[in-house]
Protein chains: 2
Amino acid sequence: MNLKERKWCGWGLIQGPDLLKDKRDAFWNWLRELSGFEKLPHTPSVEMLSIQLNTPSIPSSLQKELQEKLCQGRVTTAFEERIIHARGKSYLDTLALRNGEPLNAPDIVVYPKNKEEVITVLRWASLNDIAIIPFGGGTSVVGGVNPIKDVHHLGIATIDLREMNRLIKIDVKSRIACAESGIEGPRLEELLQKEGFTLGHYPQSFEFSTLGGWVSARGAGHQSIRYGKAENWFAGAELVSPPGSWKTESFPASASGPQIKDLIPGSEGILGIMTDIEFRIHSLPQEKFYTAYIFPSFETGIEASREIMETDIPLAMIRLSDSYETFFYTAMQMGGGDPTTLPQFCLMLIGLEGDTPCVTAGRQVMEGVFAKHQAISLGEGIAEQWFNQRFLLPYLRDEMLDYGLGVDTLETATRWSKLLDLYEAIHKTIHQAIENNTEQKPQYPIVMAHLSHAYLDGASLYFTFVFPRSLKDPAGQWQRIKKSASDTIRFHNATISHHHGIGTDHKPWFAGEKGALAYELLRQIKNQIDPKNILNPGKLI
Amino acid sequence: MNLKERKWCGWGLIQGPDLLKDKRDAFWNWLRELSGFEKLPHTPSVEMLSIQLNTPSIPSSLQKELQEKLCQGRVTTAFEERIIHARGKSYLDTLALRNGEPLNAPDIVVYPKNKEEVITVLRWASLNDIAIIPFGGGTSVVGGVNPIKDVHHLGIATIDLREMNRLIKIDVKSRIACAESGIEGPRLEELLQKEGFTLGHYPQSFEFSTLGGWVSARGAGHQSIRYGKAENWFAGAELVSPPGSWKTESFPASASGPQIKDLIPGSEGILGIMTDIEFRIHSLPQEKFYTAYIFPSFETGIEASREIMETDIPLAMIRLSDSYETFFYTAMQMGGGDPTTLPQFCLMLIGLEGDTPCVTAGRQVMEGVFAKHQAISLGEGIAEQWFNQRFLLPYLRDEMLDYGLGVDTLETATRWSKLLDLYEAIHKTIHQAIENNTEQKPQYPIVMAHLSHAYLDGASLYFTFVFPRSLKDPAGQWQRIKKSASDTIRFHNATISHHHGIGTDHKPWFAGEKGALAYELLRQIKNQIDPKNILNPGKLI
């Protein structure tokens, strides 16, 4: 991990990949037309050094005190460190950084090396009323790592856990591994795969996000049908919090009262800092089979996905794009397309992983189900292409931002019986909200979605929307679009997030979704563990 | 449901099945020899009418007040009703009833007909400081429904939920059904199967236990590998508690903070009374294939189970008996056996359910794995026999109790890497504890076990032990054996219960297993929901 190689105000590496290659000019020209621009604006980011940060409010005597308790080099107040820990990767975060807004950054950043150092930091913070923000990859797209100023606290310290990145143990027989929470995706998989195992958790942020972050926000990898969402593969943790250390039980199953440890996944740092995490691993599959189909409509694709989820085939992934997304990605590959042609057809990428005889039998069952739904096989090439490029798409966001566009994603989940209605309602809402909130009227607002994760009882929907950015009030523009979409999700009783988390962006809808009693329970639980509210204050509750 | 047909002090129906048939005399003679008796004692139960109950402490004016608020016939103080609601089906419960001990029964029994009536009862109870015990099938084998006297309460009312037994809705597309919590297993499956679906939850108590009971104690059916433990198929609930009604969210998946509703499974009535429960259902499988194998040792059988759990075959059940249990059941079928012959070989029953091509491929994978472990196929006959008799075994307990014997079961779960050590330690402990605590020395204490439920990371062990009952102090004898076994489970960091629950029997080991912080959280949660502690007081915390 070399933070110097990473962008301070955008996604990923400074030397990022070239996704568009020779289709670059054609693609941007196509997008320009769709967005209704005669010429795409040039709206680059400010320089990092031009940004104004808040004056640190933790007295230097207290900083020194902490420095002396830890090994050398663990505590920093460097300008660049404060900036890269001031925000995550949400649309608002990126806007704020690129536009050079004055930032509320943490006063100090601490890089603990082990559990004992985390305990030391927490004691110091607790004693001195200093707020603590646990920080993994900083890839939250919902404001999960942003400092929230609170008059009760003397200051804010961000705890970057990426120096705690050891794979501690593999229990080979039990298919359980234990690692420190700050380990990043690629390193974790490399160490596991060297021993023949995989966690199989490949979220879009895989290259930069951490084990602890995945659990904190209940993340989901692309292959979550096989490997589970974070709360499914999470087996236990050690959590450091003001009342002390909490090492959870870690049974394959139990009937010993309620499973209290289920409070940890999704707690977004407000209940403690995870130091070690136990998680379920798998042998590498004998066979992987990824292929692509075209469906005549989103509705038939959904129905086929629903049916396939009830079979016994070793599914790893279903990814069904709506006609708009299919159209957009086709245009991306082709370097544009005819904007006057109505979108048609829906692309499904589907993956099976497992024992060869089961994958073989699974293909037979799958083909039977899909034939009923008029699906046409496109073969393995397109799926392979997606697989190779699957972590590259977020890079496109920064380019769009450079060209006066805005782009964001949002996701939700609901039952199969409500999925199509929800999809249509959100699509219509975002479309309308973009039209109502753009100074530069788009010729055609780009609102697209895919079914991203499937379950026996329902699925998640992942929306992407691209729009001409308001140059007068870009944050307000986004907030109005986001509010329309989120209100629609709440109205349809779907969840405000399937795998991004709550952070600050989704907080206005959180209490309503949980219901008064459950929300009050969470408040009590938080108060019991953290009466001074020093752990990631302002998040969730 | 006709309670008159059921035993008041034993398992199941008065007109129970004849499990032993023409092997009856031979079997009891064999068991007599093993237990070291010259003649098996004759120790029948007392008559129900001879039992002394506590004088009800709820004033009749308050009873009348409740009666007037509900429809006629909902409230009863009949002697027989109080007795059958005084205890569940644990060893201690059965002993107390059979021996005619004075009983602490609920003052009144209420049979609410709907959610509104549950709310009425709870309001009345809350206002008057009356403790409430939710009662489903009353099949708890750990003291889960027993009234615990508490000076702070005016009295105790048991809420029998079996009149709330409607299947409310099936969301066919989403494979989610909703039913009232008091519905019993056979009725629920009949109604679901009529529509082509199954919940697939077949615990040993299936014929008499209820949907609400399964969730309350985190039960597991025989086919839990396919259909999940209660907490896995549980999708949501409406819970009535003193602060009001709590209708949980019910998403296929979410990242909206911690999943607070996970506190409900396993809460054993201390957080509220579930009125409606949503649960995941499945289409009836195309094919079921149940068969039997013999393994040369428990260790090789465990290793084969572990390996098969990591394949992708559509498993529904693995049930691996140790050599003692294999020996015992063989003797039961044969009408005895040679007690001087050392037990050998271990029987595995294994079941696949699902789409025909997947079951076919699964059989191929399974045979490959088992061949490596020197397993010998016994074919489908033995599995079929087990399947047909699977709910009959508990009846044998009452016969054993009539013959001066004691018999109990206990269960736990741990990881694969620790399973064999745990098995050996518990086996040895119970064996020793029986030898140390019997007046009539057994020739050979019967301690047997099977691996009952398997997971990717571990499995559960289910022990049965038969011993010459102490006629002087039968409860003390059991408590000493139970304590030895439970201490061993705690020492090995396994769970005190995999699917029976905590109730009163496991309470001494509960807090230690949860850890101080998690236990304190549960106490706070309970206090927040039920500050007067009227909901099943004395259970869990």
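Filtered by the rule that a residue be touching a helix residue (DSSP H, G or I) at 6+ places or on another chain (Cβ under 7 Å) and crowded, with 24+ Cβ neighbours inside 10 Å, the stretch B:205-214 gives B:211, B:214. Note on the stretch A:294-345: residues that are polar (S, T, N, Q), farther than 18 Å from residue A:389 by Cβ and in a strand (DSSP E or B) amount to 0. The residues on offer are A:34, A:97, A:92, and the sole one that is over 27 Å from the mean Cα position of the chain (by Cα), crowded, with 18+ Cβ neighbours inside 10 Å and hydrophobic (A, V, I, L, M, F, W, C) is A:34.
Within the stretch A:502-517, how many residues turn out to be more than 7 Å from chain B (Cβ to nearest Cβ), over 12 Å from residue A:486 (Cα atoms) and more than 17 Å from the chain's Cα centre (by Cα)? Counting residues in the stretch A:502-517 that are more than 7 Å from chain B (Cβ to nearest Cβ), over 12 Å from residue A:486 (Cα atoms) and more than 17 Å from the chain's Cα centre (by Cα) gives 2.
Matching residues to (1) over 26 Å from the mean Cα position of the chain (by Cα); (2) within 12 Å of chain A (Cβ to nearest Cβ):
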{"position": "B:253", "(1), (2)": "yes, yes"}
{"position": "B:263", "(1), (2)": "no, yes"}
{"position": "B:268", "(1), (2)": "no, yes"}
{"position": "B:271", "(1), (2)": "no, yes"}
{"position": "B:278", "(1), (2)": "no, yes"}
{"position": "B:290", "(1), (2)": "no, no"}
{"position": "B:293", "(1), (2)": "yes, no"}
{"position": "B:297", "(1), (2)": "yes, no"}
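Do we have residue A:385 as modelled with pLDDT under 95 and touching a Ser or Thr at 6+ places or on another chain (Cβ under 6 Å) here? No; evaluated as a whole, the condition is false for this residue. One residue stands out in the stretch B:215-251 among those that are under 30 Å from residue B:390 (Cα atoms) and among the charged types (D, E, K, R): the one that is nearest to the other protein chains (Cβ to nearest Cβ), namely B:218.
In the set (1) free of Cβ contacts under 8 Å to residues at least 40 places away in the same chain; (2) at positive phi, the condition left unmet by residue A:228 is number (1).
Kindly indicate whether residue A:43 is within 25 Å of residue A:212 (Cβ to Cβ), surrounded by 14 or more Cβ atoms within 10 Å (Cβ to Cβ) and of a type in the set (Val, Ile, Thr). Spelling it out, it is not the case that residue A:43 is within 25 Å of residue A:212 (Cβ to Cβ), surrounded by 14 or more Cβ atoms within 10 Å (Cβ to Cβ) and of a type in the set (Val, Ile, Thr).
Filtered by the rule that a residue be free of Cβ contacts under 8 Å to residues at least 24 places away in the same chain and surrounded by 18 or more Cβ atoms within 10 Å (Cβ to Cβ), the stretch A:188-204 gives A:188, A:189. Of the residues contained in the stretch B:419-442, one or more are found to be surrounded by fewer than 19 Cβ atoms within 10 Å (Cβ to Cβ), touching a residue at least 24 places away in the same chain (Cβ under 8 Å) and small (Gly, Ala, Ser).
Yes or no, residue by residue, for (1) closer than 21 Å to residue A:399 by Cα; (2) in contact (Cβ under 8 Å) with a residue 40 or more places away in the chain; (3) among the aromatic types (Phe, Trp, Tyr); (4) in contact with an Asp or Glu (Cβ under 9 Å, 6 or more places away or on another chain):
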residue: A:36; (1), (2), (3), (4): yes, yes, no, no
residue: A:68; (1), (2), (3), (4): no, no, no, no
residue: A:73; (1), (2), (3), (4): no, no, no, no
residue: A:77; (1), (2), (3), (4): no, no, no, yes
residue: A:94; (1), (2), (3), (4): yes, yes, no, yes
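Of the listed requirements (1) over 18 Å from residue B:160 (Cβ atoms); (2) in contact (Cβ under 8 Å) with a residue 60 or more places away in the chain, residue B:212 misses just one: (1). Only a single criterion out of (1) of a type outside the set (Ser, Thr, Tyr); (2) more than 25 Å from residue B:133 (Cβ to Cβ); (3) more than 7 Å from chain A (Cβ to nearest Cβ) is not satisfied by residue B:203, namely (2).
I'd like the residue in the stretch B:55-69 that is surrounded by fewer than 19 Cβ atoms within 10 Å (Cβ to Cβ) and within 32 Å of the chain's Cα centre (by Cα) and, out of all such residues, is nearest to residue B:128 (Cα to Cα). This residue is B:57. Restricted to the stretch B:310-368, and to residues there that are of a type in the set (Gly, Ala, Ser) and under 30 Å from residue B:25 (Cβ atoms), the residue that is surrounded by the most Cβ atoms within 10 Å (Cβ to Cβ) is B:321. Exactly one residue out of B:330, B:356 is among the hydroxyl-bearing types (Ser, Thr, Tyr) and within 13 Å of another protein chain (Cβ to nearest Cβ): that is B:356.
Within the stretch B:397-414, if we keep just the residues that are within 22 Å of residue B:505 (Cα to Cα) and assigned to a helix (DSSP H, G or I), the residue that is nearest to the chain's Cα centre (by Cα) turns out to be B:397. On inspection, residue A:21 qualifies as at pLDDT below 95 and within 30 Å of residue A:469 (Cβ to Cβ).
Among the residues of the stretch A:127-138, those identified as on the phi < 0 side of the Ramachandran plot and touching an Asp or Glu at 6+ places or on another chain (Cβ under 9 Å) are A:128, A:130, A:131, A:134, A:135, A:136, A:137. Would it be correct to say that residue B:488 is more than 10 Å from every other protein chain (Cβ to nearest Cβ), closer than 21 Å to residue B:272 by Cβ, surrounded by fewer than 24 Cβ atoms within 10 Å (Cβ to Cβ) and touching a Leu at 6+ places or on another chain (Cβ under 9 Å)? No, not satisfied.
From A:236, A:257, A:269, grab the single residue that is touching an Asp or Glu at 6+ places or on another chain (Cβ under 6 Å) and at positive phi. None of the others qualify; the one that does is A:236.
Find the residue count for the stretch B:5-23, including only residues that are in contact (Cβ under 8 Å) with a residue 40 or more places away in the chain and closer than 30 Å to residue B:84 by Cβ.
Restricting attention to the stretch B:5-23, the residues satisfying the condition of being in contact (Cβ under 8 Å) with a residue 40 or more places away in the chain are B:6-12, B:16-17, B:19-20, B:22-23.
With the extra rule that they be closer than 30 Å to residue B:84 by Cβ, the set shrinks to B:6-12, B:16-17, B:19-20.
The total comes to 11.
Just one of (1) closer than 19 Å to residue B:84 by Cβ; (2) part of a helix (DSSP H, G or I) fails for residue B:140. It is (2). Among the helices (runs of 4 or more DSSP H) confined to the stretch B:459-541, the ones with at least 2 residues that are in the same structural domain as residue B:431 (by TED's automatic domain parsing) and charged (D, E, K, R) are located at B:474-491.
The values are calculated or read from the model by the stated rules, or taken from the named source; none is laboratory data. From a predicted model like this one, the values you see are computed outputs, not experimental measurements. Ideal geometry is used to build each Cβ from the backbone, glycine not excepted, and the neighbour counts take in all protein chains shown.
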